[in-house]
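In what follows, a single structure is set out as structure tokens and then discussed.
The values are calculated or read from the model by the stated rules, or taken from the named source; none is laboratory data. Owing to the predicted nature of the structure, the values given are computational and were not obtained by experimental measurement. A quick note on method: Cβ atoms are made from the backbone with ideal geometry, for glycine too, and the neighbour counts reach across all protein chains shown. Keep in mind that these areas ignore ligands, DNA and RNA; they rest on the heavy atoms of the full protein, side chains included. Shrake-Rupley method; radii C 1.70, N 1.55, O 1.52, S 1.80 Å.
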Amino acid sequence: MVEAGFLEALLVVAMHEEARPLSRHLRLSADDSARGFRCFRKDGTHLIVSGPGRERAGLATAYGAARLARPERAVFLNVGVAGSGLDPVAYPLGSVFLAHSISERLSGRRFFPSLAFAPPVPTAGVVTCDEVETEYRDAVLFEMEASGFYSAARRFGTAELIHSLKVVSDHAESPVGELDAASITAYVEGALSPTQKILDELSRQALELDDSPAEALVSRWLVSHRLSKTLQRRLRTVARRLLALGVDDCPPELSTEAENGRAFVAKLESYVDELSVQALESRNAQRQDAGAPR
Amino acid sequence: MIRFVYVESEVLDHPRVTSILSRLPKAEVIEIDRFQEVFNRRAQSFRLQKSQPTLILARKHEGFVLPTPEGYGIGGARNFYFSHMMNCLYDCRYCFLQGMYRSAHLVVFVNFEDYIDEIEATAAQSTTEPSWFFSGYDCDSLAFDGVTAFADAFLPALERIPRAHLELRTKSVQVGGLLRRDPHGRCVVAYSLSPESTAVELEHGAPSLARRLEALSRVQEHGWPIGLRFDPLVFTPDALDRYRGLFEQVADAIDVERVHSVSLGLFRLPQSFYRQLVRQYPEEELLARPMQTENGMTSYRDDLANELRDGCESQLLEVFSKDVYFPCLSS
């Protein structure tokens, strides 16, 4: 059972050179329980090193997502370096961008990350290529993982919490051939501040979607009652209603005196109906006592 | 604030897109093929998008004008609605749009002329009966008018379409455009109104009741026919007191003798929309009240619904003439 307020994030990078500064900054430790990919972890924050290419990125994202307790409420962030076809004067090496579109060059598939916050960096179109781009023709960023990451993350997560952050590591005047491992690490290091800001903002949004108190209540009730899927749906609704009224649980006799699961759900619904009217009445009475405007 | 505008390639050079973008100089423009690439995709969160909605400019290809659900209307026999826009700037917790879409992004279909052509063709289907066209069904008619110039496009067109009547349904106080124009007898400016305390609790981002009443009064004084829409009625144990106060406030603010139409409808939603709302806003007390579902529609439990509707109706008819009262029976 996941506690209320428990946040999870999955960061996906292609290379160890990209992982190192992130792992240090987030104080992650090697996760020895992982198989197939190098993983780092602290509490709910996971970092996975996919290796280069969109297929590996997709596999790593799926593997990482499967290891999360609540992927539908988790933050997914792909961080990595990219070649740039943008104006090198306006956007020199080290410039950081959030992807506003991710296009897969081979298939033509296109994704539009859902931008529901004010990003701390400019946005750009990202093109995922299967080969290293050396011509930098269009005014976009070129890299090799984002589409694989994004399409896999979308299967597990909430669209607004899935993003790809890219740091310019090469462009026409400083081509990819000149790039070395130390530079890659330095570029990602330079992007730590916006990375942290984005993680903070997305975590705040993830908390807004946190439905775990209702889920916890339902799990508790299901220990005593076996219910069909339809009744479980009704139970979930009634749990949310109960919590919306500021009540943590139902009186125990509702559960113990119900002859079966269906009767329990029906009793619970009647209880919450009455409670909702009583709650409003008592609030109004308090307002009147306080002489508050009505 | 709109930070991102997605524009379909097909309308990138449309004059209305140019005009809209000129009003949003700080927004970043992202080109797309079709608005569905961004709007209503799987696993999107209406709630999160609502905190920072983006604008999508698109072309509508079909279904410009549709018949209203049965029971929806203000006295006419031929009733239609059209949506030049999907979603709303305001964030009213009872709004069915939250359950209808997975996206809170604002979509504006910029080919207004195609809507106008279809309105003209629909009105021409009857040579005797007036046709009513309701514009505030999937959006607020005027809230985004400062950007889209919707009224500037549709009101002159209305003048040349015989037997066409238009309802602009709104909570917006952006009425400058209406006040700069001669009023049109076949266009009703209808305000959605709730008691102030209900508005504060549930109508996030919408103008206060006082400001809406002030705008309503100015629009009426200018000569526009005005409508009053007490829809949805929201249950609270003191609802009848709240609504009595509201009806009195409205009567003080405007000339009740010159009101075109008044309607009233209970809080109601298709069951699937209601469930979606509960999923999006589990902590919302409005949704925790006693509800029942009948024929796929979820509304207050019968006893509460009857008390609320009947009580409000009798109070309403103490203030407004029965001749202008149209209960909203639609589902």
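Are there any pairs with C-beta distances below 7 angstrom linking a residue in segment B:120-148 that is over 16 Å from B:LEU166 (Cβ atoms) to a residue that is open to solvent by less than 20 Å² (accessible area, probe 1.4 Å) and among the aliphatic types (A, V, I, L, M), with the two at least 6 apart or on different chains, and if so which?
From segment B:120-148, the pairs are B:PHE144/B:MET85; B:PHE144/B:LEU106; B:VAL147/B:ILE20.
Kindly check whether there is at least one residue in segment A:165-183 that is at pLDDT 95 or above and within 23 Å of B:GLN52 (Cβ to Cβ).
Yes, because at least one residue in segment A:165-183 is at pLDDT 95 or above and within 23 Å of B:GLN52 (Cβ to Cβ).
For every residue, the table says whether it meets (1) touching a strand residue (DSSP E or B) at 6+ places or on another chain (Cβ under 8 Å); (2) within 12 Å of chain A (Cβ to nearest Cβ); (3) open to solvent by less than 60 Å² (accessible area, probe 1.4 Å).
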position: B:SER22; (1), (2), (3): no, no, no
position: B:PRO25; (1), (2), (3): no, no, no
position: B:GLU31; (1), (2), (3): yes, yes, no
position: B:GLN36; (1), (2), (3): no, yes, no
position: B:ARG41; (1), (2), (3): no, yes, no
position: B:PHE46; (1), (2), (3): no, yes, yes
position: B:GLN49; (1), (2), (3): no, yes, yes
position: B:PRO53; (1), (2), (3): yes, yes, yes
position: B:THR68; (1), (2), (3): yes, no, yes
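Name the single residue that is least open to solvent (accessible area, probe 1.4 Å) among those in segment B:277-331 being outside any helix (DSSP H, G or I) and among the hydrophobic types (A, V, I, L, M, F, W, C). Steps first, please.
Here is the first cut: in segment B:277-331, the ones outside any helix (DSSP H, G or I) are B:281-284, B:289-301, B:320-321, B:325-331.
Filter once more, so that each one left must be among the hydrophobic types (A, V, I, L, M, F, W, C): B:291, B:297, B:320, B:326, B:328-329.
Numbers: B:MET291: 32, B:MET297: 39, B:PHE320: 8, B:PHE326: 46, B:CYS328: 25, B:LEU329: 134 Å².
Out of the qualifying residues, it is B:PHE320.
With respect to the numbered conditions (1) over 18 Å from B:ALA190 (Cβ atoms); (2) more than 14 Å from every other protein chain (Cβ to nearest Cβ), which one is the sole condition not fulfilled by B:VAL319?
Only one criterion is unmet by B:VAL319, namely (1).
Does A:ILE184 satisfy the criteria of being open to solvent by less than 30 Å² (accessible area, probe 1.4 Å) and either without any contact (Cβ under 8 Å) to a residue 40 or more places away in the chain or within 14 Å of another protein chain (Cβ to nearest Cβ) (or both)?
Numbers: open to solvent by less than 30 Å² (accessible area, probe 1.4 Å): yes; either without any contact (Cβ under 8 Å) to a residue 40 or more places away in the chain or within 14 Å of another protein chain (Cβ to nearest Cβ) (or both): no.
So A:ILE184 fails the test.
Does B:PHE267 meet the test of being open to solvent by less than 60 Å² (accessible area, probe 1.4 Å) and more than 14 Å from every other protein chain (Cβ to nearest Cβ)?
Judged against the criteria, B:PHE267 is not a match.
Considering segment B:65-107 alone, what residues qualify as being of a type in the set (Asp, Glu) and closer than 25 Å to B:THR198 by Cβ?
Initially, segment B:65-107 is screened for residues of a type in the set (Asp, Glu), giving B:70, B:91.
Result: B:ASP91, single match.
Yes or no: segment A:139-154 includes at least one residue that is over 27 Å from B:GLN44 (Cβ atoms) and touching a residue at least 60 places away in the same chain (Cβ under 8 Å).
Here is the first cut: in segment A:139-154, the residues over 27 Å from B:GLN44 (Cβ atoms) are A:139, A:142.
Filter again for touching a residue at least 60 places away in the same chain (Cβ under 8 Å), leaving A:142.
Yes: segment A:139-154 contains one or more residues that are over 27 Å from B:GLN44 (Cβ atoms) and touching a residue at least 60 places away in the same chain (Cβ under 8 Å).
Say whether the condition of being closer than 20 Å to A:ALA118 by Cα and either open to solvent by 20 Å² or more (accessible area, probe 1.4 Å) or aromatic (Phe, Trp, Tyr) (or both) is met by at least one residue in segment A:209-228. Quick ask: steps written out before the conclusion?
Here is the first cut: in segment A:209-228, the ones closer than 20 Å to A:ALA118 by Cα are A:209.
Restricting the remaining residues to those that are either open to solvent by 20 Å² or more (accessible area, probe 1.4 Å) or aromatic (Phe, Trp, Tyr) (or both) gives A:209.
Yes; the residues of segment A:209-228 include at least one that is closer than 20 Å to A:ALA118 by Cα and either open to solvent by 20 Å² or more (accessible area, probe 1.4 Å) or aromatic (Phe, Trp, Tyr) (or both).
Report yes if some residue within segment B:210-219 is touching a Phe, Trp or Tyr at 6+ places or on another chain (Cβ under 7 Å), surrounded by fewer than 19 Cβ atoms within 10 Å (Cβ to Cβ), modelled with pLDDT of 95 or more and more than 14 Å from chain A (Cβ to nearest Cβ); otherwise report no.
Looking for residues that are touching a Phe, Trp or Tyr at 6+ places or on another chain (Cβ under 7 Å), surrounded by fewer than 19 Cβ atoms within 10 Å (Cβ to Cβ), modelled with pLDDT of 95 or more and more than 14 Å from chain A (Cβ to nearest Cβ), one finds none in segment B:210-219, hence no.
Could you list all residues from segment A:100-123 that are of a type outside the set (Gly, Ala, Ser), out of contact with any strand residue (DSSP E or B) (no Cβ under 6 Å at 6 or more places or on another chain), open to solvent by 10 Å² or more (accessible area, probe 1.4 Å) and under 17 Å from A:LEU161 (Cβ atoms)?
Listed by number, the list holds a single entry, A:PRO120.
When the residues of segment B:293-314 are filtered to those that are among the hydroxyl-bearing types (Ser, Thr, Tyr) and over 22 Å from the mean Cα position of the chain (by Cα), which remaining residue is farthest from B:SER272 (Cα to Cα)? First the steps, then the outcome.
Step one: of segment B:293-314, the residues among the hydroxyl-bearing types (Ser, Thr, Tyr) are B:293, B:298-300, B:314.
Going one step further and asking which of them are over 22 Å from the mean Cα position of the chain (by Cα), we end up with B:293, B:314.
Working: B:THR293: 10, B:SER314: 32 Å.
That would be B:SER314.
On the given criteria, is A:PHE76 farther than 20 Å from B:HIS105 by Cβ, aromatic (Phe, Trp, Tyr), within 14 Å of another protein chain (Cβ to nearest Cβ) and open to solvent by less than 10 Å² (accessible area, probe 1.4 Å)?
Numbers: farther than 20 Å from B:HIS105 by Cβ: yes; aromatic (Phe, Trp, Tyr): yes; within 14 Å of another protein chain (Cβ to nearest Cβ): yes; open to solvent by less than 10 Å² (accessible area, probe 1.4 Å): yes.
For A:PHE76, the condition - farther than 20 Å from B:HIS105 by Cβ, aromatic (Phe, Trp, Tyr), within 14 Å of another protein chain (Cβ to nearest Cβ) and open to solvent by less than 10 Å² (accessible area, probe 1.4 Å) - is met.
When the residues of segment A:257-274 are filtered to those that are free of Cβ contacts under 8 Å to residues at least 24 places away in the same chain and more than 14 Å from every other protein chain (Cβ to nearest Cβ), which remaining residue is surrounded by the fewest Cβ atoms within 10 Å (Cβ to Cβ)?
Filtering first and then ranking leaves A:GLU259.
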